[in-house]
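Report on the structure given below.
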């Protein structure tokens, strides 16, 4: 099979090639599609590179070792479930060892940058209801497409769009006191 | 269409000209809506600015991890194509056997049968009756070769003369077509990758991006390593990658390349060189406190136990 044919294949077709035939090119194609997004997610939820790299490697190891656990459906949804669970376990273990005493602060600091405004928006995102926050983070921080978010959250694309818009409205309401600085 | 629906489309950049005209009407008639749209646009812009930044170091980590995870995947069970490749030599052996048998029988025929000199060969008849295919052309070639070699064709019984070379030639054509298709499939994929990596390598060299050039050289090394008879080229690119990594004082990348060189040398049967490189790789990773240490240590243990 030519390289170009892999590019045209869906996630699920690629994963099937990898799952059934140990097809390294199919695995690599999937890796190239999602590694940055998964890593960005890990980076965001942990707030530091070292932990993000730990989680990322754990996620990828799980995919290599436990490929049989994928029973069909959406590949990205399965991948994100593994990523979330691995991140959660990692955060718990970090809390136990008290290496991460104030996670919210770390996340907040991570979002901070040279711009005060960016920091404010980052803070505001953390005040959103979980459903809204999730779509905002997936769309804006991790760069997932509407299709991918729909698969991850098990919603239709139109529902994702509606939720995302409502989340932005919610955010703009939170940020009204900073309206002048924003606009 | 409501203001919210139009605003959502506007923020996504999916609004049509007609819809934009309606949205303009909303905002012109209501300062409150104009303010809302301005605020939403500003929030959208700020959110985009908050995108998680993947640095060059992160990209390197992802590139190196990608290669390693691919290496972790056990080789696929032999596919039909690979099985066919595997029988390549056996098939070639059989062809030689059949051809040799043909020659021996032809020779025997000459001594045993000794046909009268005037008896015509029916080679021409066979050729006329058979359709003009590649197989028939090859049959003709093989038959002619047999004649030349044995220089007895005119004296051998016509039936024997046509049947023996035909069997050999048919096998030869079928197998050579099959082998050609296998070679084509195998090489086209590698050629495609090779072109891609070489283009990248020279582009990065020209751009003066040593890190990306080193990564491209490493990929070329890996690709050549998997190709028969291209081990020297593999080593050449690994050495180039190693020298670039050393210039950048990038211990982690140097270690990764040394690990890859070790795998090449193991393939070449140079165990001492291979283990020396693996030890250096591990030493570098340890001093760089790299997470990749666990992986290369396991590679080392695995090969050392063999």
For this session: With no solvent and one equal point scatterer per Cα, compute the Debye intensity ratio I(q)/I(0) for region B:244-294 at 0.19, 0.21, 0.25 Å⁻¹ and report its log10, rounded to two decimals.
Result: -0.56, -0.66, -0.85
For this session: May I ask for the Rg/Rh ratio of chain A, computed from Cα atoms with Rh as the Kirkwood radius, given to two decimals?
Result: 1.01
Exercise. Does region B:189-306 come out rounded, prolate or oblate by the C-alpha gyration tensor, with a ≥ b ≥ c the root eigenvalues, rounded set by a/c under 1.5 and, if not, prolate when a/b is larger than b/c and oblate if not?
Worked result: oblate
Problem set entry | Residue among A:12, A:68, A:134 with the largest mean-square fluctuation in a Gaussian network model of chain A, springs linking Cα atoms under 10 Å | A:68
For this session: Using just the helices of chain A, give the 222 nm mean residue ellipticity in deg cm²/dmol: DSSP H runs with n ≥ 4 each add -39,500 (n - 2.57), and the total is spread over all residues, rounded to 500.
Result: -23000 deg cm²/dmol
Exercise. Once label points are set 7 Å from the Cα along Cα→Cβ at both residue B:231 and residue A:158, what is their separation, rounded to one decimal in nm?
Worked result: 6.3 nm
Exercise. Using alpha carbons only, how many degrees (0 to 90, rounded to 10) separate the axis of helix A:157-174 from the longest principal axis of chain A?
Worked result: 20 degrees
Seminar exercise, completed: Going from the fewest other Cβ atoms within 10 Å to the most, one would list A:133, A:92, B:292 as A:92, A:133, B:292
For this session: Please work out whether region A:122-173 counts as rounded, prolate or oblate from its C-alpha gyration tensor, where a ≥ b ≥ c are the square roots of the eigenvalues and a/c under 1.5 means rounded, while otherwise a/b larger than b/c means prolate and anything else oblate?
Result: prolate
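Values in this text are rule-based calculations from the coordinates and carry no lab data. What you are looking at is a predicted structure, and each value in this text was computed from that prediction instead of being measured. As a convention, Cβ positions derive from the backbone with ideal geometry for all residues, glycine included, and neighbour counts pool all protein chains shown.
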